[in-house]
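In what follows, a single structure is set out as structure tokens and then discussed.
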Amino acid sequence: MEGLVPRRGVITPHHFSESMVHPQPGCVVGNSFPDFWGEKDVKMMVMVGDLSIPGPVLLSAPALNLLPLWGCLLFLSACSSLIPQDFYSDSPGGFEINLDHRKLKTPHAKLFTVPSEALAIAVATEWDSQKDTIKFYTMHLTTLCNTALDNPTQRNKMQMIRAAVKFLETDTVCYRVEEPAALAELQKNEWDPIVAWAEKRYNVAIGSSTSILGPNIPTSTKETFVSHLASYNMWALQGIEYVITQLKSLILSMGLIDRHITVEKAVLLSRLEEEYQIQRWGSVEWAHDYDLYELRARAAAGTLFVHLCSESSTVKHKLLQD
């Protein structure tokens, strides 16, 4: 598999000194990791069982096919052996991130604390992957944490849920074309299965339309999604809304968060018409490729954020019990 090289032992980051690293073997996760990581030149490898995994994968998430949740936790556990112990710390309000022994703060000067150790490790990995210049636009998990902590729009939980469900009215996969015929057929073949999955998964009616006004989404369908999203906490809802705004689709976002489809598949379906035009007219390599990888990065980071904020502690506890 490209990007996965069987090796023994732990390879430490090039920019770490040996005194900063305390290598420990990770856990065996078999073939739970995706085949494609998207980064050819990696500077840090993490040993998970007999697999050597690119360390910056959390930062360079354009190729992250969303590991199964338990795989994410085991992977982050292995990553923690490569993060200096003073990079993050436990506190009564959650886990803090420390930079040069100083506590990280949000743009609104709040103490930067996250609800789970796995998320703290992921954020610490983002910061550790920065070089001479801090590139905040590459730190999607950090940005999501800042938004969750500061809540700059000052919305409550129900307002966030209603905003997310409103995307159903303009959902990408519900808007269809009548011509060209080839694109209409492509939309039917690629989008109908994910719509059918959502209808069955949530026991709702969604449908699609070629009208500029879009499909008529039943009120009962909207209320079902409102009820479902209400089961998530405020932090997870920030991540869900972030994924929805990236993919322009509530249906694709829920398929991704429910692990029904991968990041790559979700991004492909959200860009279906653009990919059709690229296949027909060709691509502008530097522009189209950048957009593709950036969208993958954002979608992957948002989805990982949702899981680390809503399920990590439960699953981690179960793993420890097993």
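The values are calculated or read from the model by the stated rules, or taken from the named source; none is laboratory data. Computed from a predicted structure; not experimentally measured. So basically every Cβ, Gly included, is an ideal-geometry build from the backbone, and we count neighbours across all protein chains shown. To get the accessible areas, we keep the full protein, side chains included, count just its heavy atoms, and leave off ligands, DNA and RNA. Shrake-Rupley method; radii C 1.70, N 1.55, O 1.52, S 1.80 Å.
Within the accessible surface of region 222-278, defined with a 1.4 Å probe on protein heavy atoms only, the carbon and sulfur portion equals 51 percent.
Remark: the Cα gyration tensor places region 198-322 in the oblate category, a/c being 1.5 or greater and a/b not exceeding b/c.
Sorting Trp286, Trp197 by solvent-accessible area of protein heavy atoms yields Trp286, Trp197, largest first, with a 1.4 Å probe.
Phe136 contributes about 120 Å² of solvent-accessible surface, heavy atoms of the protein only, 1.4 Å probe.
For Thr210, the solvent-accessible surface computed with a 1.4 Å probe is close to 80 Å², ligands and nucleic acids excluded. For Lys103, tell me the accessible area in Å² from a 1.4 Å probe, rounded to the nearest 10. Result for Lys103: roughly 110 Å² accessible.
Pairs over the 31 Å Cα-Cα cut-off, from the set Lys103/Lys265; Lys103/Lys248; Lys157/Lys188; Lys200/Lys248; Lys103/Lys131; Lys222/Lys265: Lys103/Lys265; Lys103/Lys248; Lys157/Lys188. Summing Lys and Arg as +1 and Asp and Glu as -1 over all other residues whose Cβ lies under 13 Å from the Cβ of Phe167 gives a net charge of +1. Against the empirical curve 2.2 N^0.38 Å, the C-alpha radius of gyration of region 154-257 lands at a ratio of 1.08.
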